[in-house]
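What follows is a short report on a single structure.
The values are calculated or read from the model by the stated rules, or taken from the named source; none is laboratory data. From a predicted model like this one, the values you see are computed outputs, not experimental measurements. We place every Cβ from the backbone using ideal geometry, glycine too, and count neighbours over all the protein chains shown. All accessible areas refer to the heavy atoms of the entire protein, side chains included, with ligands and DNA or RNA removed. Shrake-Rupley method; radii C 1.70, N 1.55, O 1.52, S 1.80 Å.
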Amino acid sequence: MSKELTLEDIQNFEGKYPKQLWYLFLVEMWERFCFYGMRGVLAIFMVDQLLLSDRDANLKYGAIQAFVYAFTFVGGIFADKFLGFKRSLIFGASMMLLGNGLIALSPHDYFYFGIALTIIGTGFFKPNISSMVGDLYKEDDPRRDAGFGMFYSGINVGALLGGILCVYLGKSYSWNYAFAAAALVMLIGLIIFLATKRHIKPIGNSPLLHMPAARRIRMEVFVYLAALASIPLIFMMIDNTRYTDYFMYIIGPIALGYFFIQMKRENDPKARQQLIAALILILFSILFFAIFEQAGGSLALFANNNLHDDLLFFRIDPNVVNNGANSLFVIIFSPLLGLLWLAMARKKVEPNTIIKFALGFVFLGLAYYLFFGTRFFADAEGKTSLGVFTLAYLAVTIGELCLSPIGLSMITKLSPKRLGGMMMGLWFLASAYGQYVAGLLGAGMSSPNENATAFDKLMAYTDGYQQLAIYSFIAALVIFALSPFIKRLMHGVR
């Protein structure tokens, strides 16, 4: 009989990556196919099939994405307190599978109901698999950033495949096929996790294992029922985005209040200061994601209406570029940027996490000046250069690589173990506010005149992109100025 695997066995791995990382990589890859495949078609589907205006589609897109990420905060807490990471992940994957499958049956009839299920599912899935990756490493293991970089590549392989295939199926064949593809790959991811979870047995177990089995099962069932009971509420808030506003006004202060309560319970002053450092960077990430996440809203509609379909020497659907370019560039440039950081580290000139955050905003500002610059290549019909648009996505990607994967790793390094799920949830809750603000910004950029020409829409959107570039550069300057203060709070964590 083989010896039962312990946490020490996993964390004392040889080489660059633990083997368990590859299992989680594959599960996350298919979940991100599902998520980004859905994200890439939401705004286009709502305009073309549900006949919403650009403004309403942007608002609903922002609301849907905001709830997806807001539920990661709830899912993180439930995992910490009741389910553990593994049960949360299985429940979340099952809900995403059911939600996408339901939409695939009848996209027009079950769209909002299916979306409500996928929102709950992603909330229970997303923060917990990231926390499990963090648990593969000892707290001081220098290989942790490389592991998260590889994990982030898995995210983007799935995102690339989903972003391209779901748009292609939806626009060229049937929206039923697009949503069915998302459901099918989620099933694949769930099967892979169920088949490999024995290899990560010490990680992600229920925190209630010390309880009698009957009581533990009652508490777990209560969590599942409470999540399902929220479906009508989510449905209502997506259907009427005014209610989304009220929700976002409430959930943020509650989350911050819970954070400060947990921080005060932390006895170690150093740990409290590290939590404050994490919070500052999380708050800055809200603005980053509000600008970055135009990809699924205003940029998706811009690509649909205002771009030529010729790129270099071939023709391609601009929405395929919009949904796939970022992921493709991440796959190509993530290892290259990782090698650059390693080379700089050997020469002792690698920028710390705070400076990388600031650089993320610098590249984001450059990207949105390029999006703004597409207006100078437009013809009289409001169609402009897909090449310049793609180049802007390269700059977006470099900015993202300076901030997002490092942010995931930073949360695990600055958080006490008992608050790992909550802090990962708080990181994704910041993304929720970013998504929410992204929808508001996209709606503000869209032309109020439903009869506006494509050229009018191009000018309105590019005016907005210029403003977003300015906001990005201002944020970069503020972070550069605050970097010495934040660095002291981090107590040596890089």
- [ ] Find how many whole Å separate the alpha carbon centroid of the range 387-414 from the alpha carbon centroid of the range 244-317.
- [x] 12
Open item on the list: How much accessible area per residue does the range 387-449 have, counting only protein heavy atoms and a probe of 1.4 Å, in square angstrom?
Closed with: 22
Task: Proximal charge balance of Gly189 [Cβ under 15 Å; K/R count +1, D/E count -1] - done: +2
Task: Rounded to the nearest 10 Å², the accessible area of His210 at probe 1.4 Å - done: 150
Task: Interchain or long-range residues, amide H under 5 Å from Leu311's placed H - done: Ile316
TODO: Kindly sort Phe376, Phe260 by accessible area of their heavy atoms, largest first, with the probe set to 1.4 Å.
DONE: Phe376, Phe260
- [ ] Provide Rg and Dmax in Å for the chain, with only Cα atoms included in the calculation.
- [x] 21.7, 75
TODO: Using the Karplus curve 6.51 cos²θ - 1.76 cosθ + 1.60 with θ = phi - 60°, work out ³J(HN,Hα) for each residue of the range 163-175 in order, rounded to whole Hz, and write x for Gly and Pro.
DONE: x, 7, 5, 5, 5, 4, 5, x, 7, 9, 10, 7, 5
Task: Helix 54-78 axis, angle to the chain major axis (alpha carbon atoms, nearest 10°) - done: 0
TODO: Pairs to check: Lys417/Lys487; Lys86/Lys356; Lys19/Lys487; Lys126/Lys457. Give those whose C-alpha atoms are more than 26 Å from each other in this structure.
DONE: Lys86/Lys356; Lys19/Lys487; Lys126/Lys457
Task: Extreme residue, positive dipole direction of the chain, given options Ala432, Gly15, Thr353 (C-beta unit charges) - done: Gly15
Task: About the Cα centre, charge dipole magnitude for the chain (Lys/Arg +1, Asp/Glu -1 at Cβ), debye - done: 1860
Open item on the list: If I model a spin label as a point 7 Å beyond the Cα along the Cα-Cβ vector, how far apart are those points for His210 and Lys138 in nm?
Closed with: 2.6
Task: Ranking by accessible area, most exposed first, for Lys197, Lys417, Lys347 with a 1.4 Å probe - done: Lys347, Lys417, Lys197
Task: Cα gyration tensor, the range 111-255 - rounded (a/c under 1.5), prolate or oblate - done: oblate
Task: Local net charge near Val74, Cβ-Cβ under 13 Å (Lys/Arg +1, Asp/Glu -1) - done: +1
Task: Of all accessible heavy-atom area on the chain, the percent that carbon and sulfur account for (1.4 Å) - done: 65
TODO: Of the options Ile474, Pro416, Val157, report the single residue whose Cα projects farthest towards the positive end of the charge dipole of the chain (beta-carbon charges: Lys, Arg +1; Asp, Glu -1).
DONE: Pro416
Task: Span from the the range 124-185 Cα centroid across to the the range 422-441 one, whole angstrom - done: 18
